[in-house]
Ligand code: GAR
């Protein structure tokens, strides 16, 4: 195997997906290839980013499928079809069940916009994370890339980067700084690292 086949799961703007596309084009992400984008939201701009990069992109809507079971079943079928080795959650706003995550031990990673274990778990996603950080008055926040298990934001940490909170920050301003200074940097680095480990120790593959 020369590169790990990666699927990126998205729900919104897809700036973290873009960071992965850019890293692949810049030769920073070499141990994995972006083979598939799955969106839980048919209107996600991430779908346009995938199309522009020539990556197959599919919407899987829980609402249309009617249940978590059917939603996860459709995602699993796509992962099988595209022979995916690593699943990257990049702004994917749906919590995956234990039935799903246990099938891919240390084969799913997520980027979260805080320094876990702060401001994470159920209910902490997107701007809400930054609203909570500002309400708490922390002076440093950041981003975390971690493996995904059955505990929301609870899997083993792979990489973290701290970002200063500045006077006058709004949730939007802080979100943008955390993306620019942390998420868009550590997500490609962590994906490269995990894929490299998978390539050098394929016998450990589940
Ligand atoms: C990112 O900040 C990501 O860390 C966060 O949503 C945003 C998605 O932006 N994810 C979570 O909060 C997951 N708990 P993007 O669609 O532009 O990558």
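Every read-out reported here was derived from the displayed coordinates using simple, explicitly stated rules and does not represent laboratory data. Please read these numbers as outputs of a predicted model, since none were measured by experiment. Here the Cβ positions follow ideal geometry from the backbone for every residue, glycine too, while neighbour counts run over all protein chains shown.
Exactly one residue out of 33, 48 is in a strand (DSSP E or B) and over 25 Å from residue 97 (Cα atoms): that is 33.
For residue 129, state whether it is over 15 Å from the mean Cα position of the chain (by Cα), assigned to a strand (DSSP E or B) and either away from the ligand (no atom under 13 Å from the Cβ) or farther than 22 Å from residue 6 by Cα (or both). No; evaluated as a whole, the condition is false for this residue.
In segment 1-25, the qualifying residues are those that are more than 9 Å from the ligand (Cβ to nearest atom) and part of a strand (DSSP E or B), and the one that is surrounded by the fewest Cβ atoms within 10 Å (Cβ to Cβ) is 5. The residues of segment 95-115 that are assigned to a loop (DSSP other than H, G, I, E, B) and within 10 Å of the ligand (Cβ to nearest atom), listed by number, are 95, 113, 114. Residue 28 versus (1) out of contact with any strand residue (DSSP E or B) (no Cβ under 9 Å at 6 or more places or on another chain); (2) in a loop (DSSP other than H, G, I, E, B); (3) touching a residue at least 60 places away in the same chain (Cβ under 8 Å); (4) within 15 Å of the ligand (Cβ to nearest atom): which is the lone unmet condition? Against the list (1) out of contact with any strand residue (DSSP E or B) (no Cβ under 9 Å at 6 or more places or on another chain); (2) in a loop (DSSP other than H, G, I, E, B); (3) touching a residue at least 60 places away in the same chain (Cβ under 8 Å); (4) within 15 Å of the ligand (Cβ to nearest atom), residue 28 comes up short only on (4). Scan segment 82-94 for residues that are within 18 Å of residue 143 (Cα to Cα) and in a strand (DSSP E or B) and the total you get is 2. Which of the residues belonging to segment 166-180 are within 12 Å of the ligand (Cβ to nearest atom) and either closer than 15 Å to residue 17 by Cα or surrounded by 13 or more Cβ atoms within 10 Å (Cβ to Cβ) (or both)? Answer for segment 166-180, where residues must be within 12 Å of the ligand (Cβ to nearest atom) and either closer than 15 Å to residue 17 by Cα or surrounded by 13 or more Cβ atoms within 10 Å (Cβ to Cβ) (or both): 171, 174, 175, 176, 177, 178, 179, 180.
Residue-level check: of (1) without any contact (Cβ under 8 Å) to a residue 24 or more places away in the chain; (2) touching a helix residue (DSSP H, G or I) at 6+ places or on another chain (Cβ under 6 Å); (3) surrounded by fewer than 16 Cβ atoms within 10 Å (Cβ to Cβ), residue 127 misses just (1).
Please determine, by comparing only the residues of segment 137-160 that are within 12 Å of the ligand (Cβ to nearest atom) and in a strand (DSSP E or B), which one is surrounded by the fewest Cβ atoms within 10 Å (Cβ to Cβ). By that ranking, first place goes to 146.
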